[in-house]
Amino acid sequence: MKNEVYKLRIVADTEEDIFADVYVEKNTPFIFLHQFIIEAFKLNNMEMASFYLSNDQWDKGEEITLFPMQIDDEQTNSKSMEDTTLNDIFNQGIQKILYLHDFLNMNIFYIEIIESKQIDNKVDGVELIHQFGQYQAKKTIIAENEATNEASAIDEIYKEFNEDIIGDDFEELDEDLY
């Protein structure tokens, strides 16, 4: 039995050539593509991320969020990664999507359909065909120095505490208060 898949190319927004080619079954939810990108490019899975529909100029269009963002039952136009399949989007004529990971550091990936085809083997979720280059996720200076800053802050508090204990200045108690 033949399986209908998309062959996608995922390109990291870097000066170096870093990309992955994958097969994805057409009815796969975007959450599986998100999880694949997290693992393949060694990204922090605790950060927020979104897919965006795009055009030939890679402009950011409608968002596909990590979690459903509906406030009430009447708002049905928002799309989430769990509820939206690749086929839902690519059947609309969309050929390109953007993936933004970690909105503070803006790890950006460009995803494009290479081809739509039928293959003989079964694809579970996302299957890596080829990967080129090693991606280094962008990190803020704050994140890199976080441990050092925490240790410095603790040392400063400890120093102030010791100065208060060791100092010779004692306040006399006002006996009228007790």
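The values are calculated or read from the model by the stated rules, or taken from the named source; none is laboratory data. Every value quoted in this text rests on a predicted model; they were computed, and no experiment measured them. Neighbour counts run over all protein chains shown; Cβ positions are idealised from the backbone, glycine included.
When residue 105 is tested against (1) at pLDDT below 85; (2) within 25 Å of residue 63 (Cα to Cα); (3) more than 18 Å from the chain's Cα centre (by Cα); (4) of a type in the set (S, T, N, Q), only condition (3) is not met. Within region 17-43, the residues that satisfy the criterion of being of a type in the set (A, V, I, L, M), over 13 Å from residue 86 (Cβ atoms) and not in a helix (DSSP H, G or I) are 18, 20, 43.
In the set 60, 79, 42, only one residue is surrounded by 18 or more Cβ atoms within 10 Å (Cβ to Cβ), charged (D, E, K, R) and touching a Phe, Trp or Tyr at 6+ places or on another chain (Cβ under 9 Å); that residue is 79.
Rundown of residues vs (1) in contact with a helix residue (DSSP H, G or I) (Cβ under 7 Å, 6 or more places away or on another chain); (2) among the hydroxyl-bearing types (Ser, Thr, Tyr), yes/no style:
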site: 18; (1), (2): no, no
site: 25; (1), (2): no, no
site: 28; (1), (2): yes, yes
site: 44; (1), (2): no, no
site: 53; (1), (2): yes, no
site: 57; (1), (2): no, no
site: 63; (1), (2): no, no
site: 68; (1), (2): no, no
site: 78; (1), (2): no, yes
